[in-house]
Every structure is written in structure tokens, then in C-alpha cells.
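What follows is a single structure, written as C-alpha cells, with notes after it.
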Amino acid sequence: MAALAPSVATAAPLPPRRRARPLLLILLLLATPLLAEPPPPSRLSPDVTRFIVANSEFTMLHEMGHMLISELNLPLLGREEDAADQLGMMILFLLSDPQRKAELDADLLAIVDYWRLEWQRPRPANEQVPAWDTHALDEQRFYNIACLAYGSDPDRMEWVLRVTGLPVERALYCDQEFLQASRALDWIRHHNRRVAIQRRPRIQIIYDPPPSYLPDAELLVARLREGGLEDIARRVSLVFAPPRTLTLRIAACGTPDAWYNRDEAELTLCYERLQHFRELAETLPPERRPGPQLECAPAYKALQDALTTETEC
């Protein structure tokens, strides 16, 4: 074995330039900063993301309904929970871009699908909504929200009847229900005229550290922020100008919940609720998941076809 190695005495020396080249290459590699690893691909598909964002925003707008009722001393003749649902829906319509109706329709589909899933999923006894509760039954909330969606534009939103199964007996009056809610929102805005230009945000957002037991919490919040959470809070504060600074807090609660605390003027949206939306979104059949192709549909006269057929834009 020793005879196979070249003799040091007989080996020809390398030219100085060729000897320095490997050393120069090593120095260059050490001096060049390592390229950052590409971010891991999102574990949320576009359709699941839309479901999470749309329902998180509606939950937030529902709680903002409670906030406005409290902060603006709004008169009520019915249950506050029903009024908060209506306020949340009407603010959603108010803030939507008229030029992007397909986006709004896809969000509405995600919201009504959530309430269908919430109504139909098996629940333990401690999660059942009792008849005496201040909240309407999930089945009722499903039909109420579907009715407002359909009543906003019965001709264009005819797909709601087929998708939700909203009975014609209720659908006949949904445009009147939407008009009543729209007038109520106009009344609130008229009787709460304040200076719209403000030096600082009137609804501040605080993100508590996500809980370790929800490994995708940061990803869920990132998608929510990309969906315009801060913009919604800013626009609500400008439109309604609450009398004091309010707080929207994203926090770990130990339960998939959301609420508004009047004493602390703080709206809490739980990380667990975002995770709950994700879990429900995964149970939607593929044909009911509103994907990016909906942006190409000018109207939803045949929504099922739009959901199941790929469209080239």
C-alpha cells in the first residue's frame, strides 16, 4: 500500500497560480453570505384560507356590532345577538368593494357554509345552544344570514337559494329584511356623525403570542392580516368614529370563542377559533370550496358550475 503513494521527493511541484486557486475558491465561499432558505410552502390552500379569513372577519364584525351597540348607545327592540349578526353582515356589505362583487360572493358562500357546518356537526351536550340562550340556534342563524345575502340583490344572488336551500316562503321577504337592516345602518351613521379624520387609530390591534399547542397559529394570523384585518378595523373606526379608543386583541383563550368586553373596551378573537375555522374548512366537499376561479365569474347564476368547472381568465 505504501508503494502506491507518490514519493514526496519525486512529485512535481504545482505552479504557484494553480496552487492558489483552490485556496482562493475556499476564501470566496467563506466570504459569500449563505443564501436564505426559501420559506416553506403554505400549508393552507387558497380555498381553506378564504374560509378562515371570511369567517374570522365576520366573527370580528359580529363582535364589532356588540361594540357599536355599547359604545354608541344604540336602541334595540330585539335580542342583541340577532342585532350583532345583522350589523356584522351590513358592515361587511358596506366595506366591500363594488368592483369586486365576486370576492364578496365567495366570502358570503364561506360564511353561510360555516353556519351550515356549525349547525349540522355532532356536538356534546355542553356545546348545544339551549332554547333559552341569548343566541339564536345555529340553524336559525344559518337561514338569517342566507336571507340577508340573498336579499341584498335577489336577481344576482339567486344562487343562494340553490346553495343554501332557503325556502321560498322566507326568500320572498329577504329583500325587505335587507332593506330594513340597511336603513338601520344608515340611521346609525346619520345619528353618529363625528369628525372622520383622526390623528390615531381608534381601534388598535394587539397580537398576543400564539399558543404552543396550536403549531399553525402564526400562519393563520398571517393569512388573516393578509386578508385585510387591520384595514377593516381602520375603516370601521373611520366610518363610526367610536368615542374612545378600542382594542382588538388576538389571544389564546383555551376555547374557540370571541367576545366584546364593555368594561375594558376590548374585543377578543381567540387563536382557537381560527383553528376551528380551519378544521371545519377541511370538511367541506371540494365542489363547495370557493377557489380563485370565482374571481372570473361576473355573476353566480350557476354557482355550482362555477365551483366545479375550471375557468380560464
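Please treat every number below as a calculation from the coordinates, not as lab data. For clarity, every value in this text was computed on a predicted model and none was experimentally measured. Heads up, the Cβs are rebuilt from the backbone with ideal geometry, glycines too, and the neighbour counts pull from every protein chain shown.
Numerical summary
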| quantity | calculated |
| --- | --- |
| Calculated FRET efficiency for the pair Arg100/Glu139, C-beta based, R₀ 45 Å, to 0.05 | 0.90 |
| Using θ = phi - 60° and Karplus 6.51 cos²θ - 1.76 cosθ + 1.60, couplings along the range 160-167 (whole Hz; Gly, Pro as x) | 4, 4, 6, 6, 9, x, 4, x |
| Base-10 log of normalised Debye intensity for the range 102-143 (one unit scatterer per alpha-carbon) at q = 0.14, 0.21, 0.29, 0.31 Å⁻¹ | -0.38, -0.70, -1.01, -1.07 |
| Whole-percent pair-distance distribution, where bins are 10 Å wide, for the alpha carbons of the range 46-289 | 7, 31, 39, 21, 3 |
| Asp47, Asp257, Asp107 arranged by Cβ crowding within 10 Å, fewest neighbours leading | Asp257, Asp47, Asp107 |
